[in-house]
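Visitor: Okay, here's the structure, questions in a sec.
The values are calculated or read from the model by the stated rules, or taken from the named source; none is laboratory data. From a predicted model like this one, the values you see are computed outputs, not experimental measurements. Here the Cβ is made from the backbone with ideal geometry for all residues, glycine too, and neighbour counts use every protein chain on show.
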Amino acid sequence: MLPSRAQDVVKKAEKTIADLASPEFHGRGYVNDGLKKAEAYIAARFSAGGAEPRFQAFTHTVNTFPDSVRVSLNGKKLRTGVDFMVHPNSGTSQRVFESIVINRNNFTDIDLLRNIYQNDLSRTHVVVLDPKGITSPDSLMEFRAMALAFANNLPVVILSSDKFTWSVLPDAYRRAVIEMRDTLFTEGMSIGMNIHNELKRDFKSRNVIAVVPGTHRKKKKKFLMVTAHYDHLGRMGSEAYIPGANDNASGVAMMLALFDHYVQQPAEYTLVFVAFAGEEAGLVGSKFYTENALYPLEKVRFLLNLDLQGTGDEGLTVVNATLFPDELKMLTAINDREDLVAKIKVRGEAGNSDHYWFTKAGVRCFFTYTLGGTKAYHDVNDRADQLPLSEFNDLYRLYVAFLDGL
Ligand SMILES: [Zn+2]
């Protein structure tokens with residue numbers, strides 16, 4: 001059998017990432033069936049390789065923004081996800097408000113704060129929190145906490161000069177909360193908000209699983225698992241979506257590349273591929289899997305979890321590296337011998353992706369993510385055209401040699 005040519009592997013991955021990160025998939029979240037479409041896409045790829053996909057359903061609660069996330073200043077429309085970002089816990093507020101500014105000069109003014117709390121201003125006013133000049137981390141944290149304490153009473157705007165980083169959360173305030181570029185707002189401006197949230201309880205997500213049977217009489221009764229989450233953050237209303245090209249269309253593309261490889265050239269061990277849902281919502285899909293494993297966890301020889309595989313110019317981080325020195329030694333030996341990625345960075349345990357619950361359950365595993373390249377993360381700029389995929393083929397070769405060496 002001829003090995004897949006490098007450019008074919010990368011070309012196919014490019015297409016997979018462009019598809020999964022396209023507007024049609026709505027950020028693979030909880031609005032417009034984005035997650036469902038991604039699930040069907042991955043299942044179809046498994047089927048095309050001759051592996052009947054299995055599904056594992058679970059439910060969780062998510063705060064969503066299904067229709068409108070619009071904000072204006074003095075009547076001028078702002079760009080959703082660029083000029084402002086809706087807070088993942090935001091509730092609903094839909095009208096034009098006058099602003100009450102709270103900043104470093106007045107945030108200890110008890111009378112002012114009490115006045116805001118005690119009067120029902122929810123139909124007329126928005127609180128604008130301006131943290132400028134508050135430098136100590138403790139004071140900043142206190143200031144932010146105070147900001148959010150208002151959010152069940154009246155809408156809140158938090159001014160910020162930081163990069164917007166979005167997430168998915170399972171609860172919501174009553175009123176709208178947004179973060180806004182601090183350069184846009186000046187005191188006295190009116191703020192128009194048309195922000196509508198919907199807390200979806202018992203949202204149904206599904207993990208997608210495929211198996212490629214092993215060839216060795218004994219080893220085929222044990223498993224190698226390759227996993228990657230396919231969910232992302234979904235939409236900020238009809239106005240913006242978070243593409244999630246690096247996070248984690250790239251990891252899904254790598255997992256599917258490995259699936260394609262092992263369909264062509266089965267390993268001695270049986271390979272189990274799992275595309276997890278619910279990762280961004282708090283690792284709920286992988287938690288559910290470890291509690292309801294389709295293949296016994298004690299028979300898993302090793303698990304490789306892939307997230308953020310789109311760059312690699314500065315190398316690769318291996319989480320759990322210090323827990324499994326033998327496997328790390330093998331991985332670095334392959335990398336040195338074949339001259340693949342620039343550097344393998346060793347990291348200890350971390351609860352930052354789906355491998356976490358497997359580590360807890362005693363399954364030997366690594367989680368790898370690439371370093372360097374794009375800074376886009378959990379924002380509107382994590383697009384397919386931003387990803388160099390410069391190391392994708394080297395990473396692919398590294399993983400195949402690693403899995404074959406186990
Ligand atoms: Zn991720």
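Visitor: I'm trying to understand the selection: among the residues of segment 324-358, which are within 16 Å of the ligand (Cβ to nearest atom), touching a helix residue (DSSP H, G or I) at 6+ places or on another chain (Cβ under 7 Å) and charged (D, E, K, R)?
Guide: Correct list: ASP354 only.
Visitor: Being of a type in the set (D, E, K, R) and either away from the ligand (no atom under 16 Å from the Cβ) or over 24 Å from GLU280 (Cα atoms) (or both) is the filter here, so list the residues in segment 293-322 that pass it. Steps first, please.
Guide: Our first condition is that a residue be of a type in the set (D, E, K, R); within segment 293-322, this holds for 298-299, 301, 307, 313-314.
Listed by number, the residues that qualify are GLU298, LYS299, ARG301, ASP313, GLU314.
Visitor: If you don't mind, another one. Among (1) away from the ligand (no atom under 16 Å from the Cβ); (2) within 16 Å of the chain's Cα centre (by Cα), where does ALA361 come up short?
Guide: (2) is the only condition that ALA361 fails.
Visitor: Another question, if that's okay. For segment 233-256, give me the residue count where each residue is under 16 Å from PHE273 (Cβ atoms) and away from the ligand (no atom under 15 Å from the Cβ). I'd like the intermediate steps shown before the answer.
Guide: The initial filter retains those residues of segment 233-256 that are under 16 Å from PHE273 (Cβ atoms), namely 248-256.
With the extra rule that they be away from the ligand (no atom under 15 Å from the Cβ), the set shrinks to 256.
The qualifying residues number 1.
Visitor: Moving to a separate point now. Evaluate the following for TYR230: is it away from the ligand (no atom under 13 Å from the Cβ), within 27 Å of TYR30 (Cβ to Cβ) and surrounded by 24 or more Cβ atoms within 10 Å (Cβ to Cβ)? Walk me through how you get there before you give the answer.
Guide: On the way: away from the ligand (no atom under 13 Å from the Cβ): no; within 27 Å of TYR30 (Cβ to Cβ): yes; surrounded by 24 or more Cβ atoms within 10 Å (Cβ to Cβ): yes.
No, not satisfied.
Visitor: Going through segment 80-111 one residue at a time, which ones are in contact with a helix residue (DSSP H, G or I) (Cβ under 9 Å, 6 or more places away or on another chain) and in contact (Cβ under 8 Å) with a residue 60 or more places away in the chain?
Guide: Scanning segment 80-111 gives THR80, GLY81, VAL86, HIS87, ASN89.
Visitor: Being among the charged types (D, E, K, R), in contact with a helix residue (DSSP H, G or I) (Cβ under 9 Å, 6 or more places away or on another chain) and surrounded by fewer than 18 Cβ atoms within 10 Å (Cβ to Cβ) is the filter here; which residues of segment 374-393 pass it?
Guide: ASP385
Visitor: Looking at (1) in contact (Cβ under 8 Å) with a residue 60 or more places away in the chain; (2) in contact with a Phe, Trp or Tyr (Cβ under 7 Å, 6 or more places away or on another chain), which is the one condition that is false for VAL69?
Guide: (2)
Visitor: Mind checking which pairs have a first residue in segment 235-249 that is closer than 13 Å to ALA38 by Cβ and hydroxyl-bearing (Ser, Thr, Tyr) and a second that is within 16 Å of the ligand (Cβ to nearest atom) and in a helix (DSSP H, G or I), Cβ under 9 Å, 6 or more apart or different chains?
Guide: Pairs that qualify, where the first residue is closer than 13 Å to ALA38 by Cβ and hydroxyl-bearing (Ser, Thr, Tyr) and the partner is within 16 Å of the ligand (Cβ to nearest atom) and in a helix (DSSP H, G or I), are TYR241/PHE25; TYR241/GLY34.
Visitor: Based on what the data block shows, is TYR269 over 30 Å from LEU169 (Cβ atoms), modelled with pLDDT of 95 or more and buried (at least 22 other Cβ atoms within 10 Å of the Cβ)? Before you say what the answer is, go through the steps one by one.
Guide: Working: over 30 Å from LEU169 (Cβ atoms): yes; modelled with pLDDT of 95 or more: yes; buried (at least 22 other Cβ atoms within 10 Å of the Cβ): yes.
So TYR269 passes the test.
Visitor: Working carefully through the options PHE288, PHE276, PHE259, find the one that is within 13 Å of the ligand (Cβ to nearest atom) and among the aromatic types (Phe, Trp, Tyr).
Guide: Details: PHE288 fails: within 13 Å of the ligand (Cβ to nearest atom); PHE259 fails: within 13 Å of the ligand (Cβ to nearest atom).
Of PHE288, PHE276, PHE259, the one residue that is within 13 Å of the ligand (Cβ to nearest atom) and among the aromatic types (Phe, Trp, Tyr) is PHE276.
Visitor: Of everything in segment 354-406, what is at pLDDT 95 or above, within 24 Å of LEU169 (Cα to Cα) and among the basic types (Lys, Arg)? Give them in sequence order.
Guide: Within segment 354-406, LYS360, ARG383 qualify.
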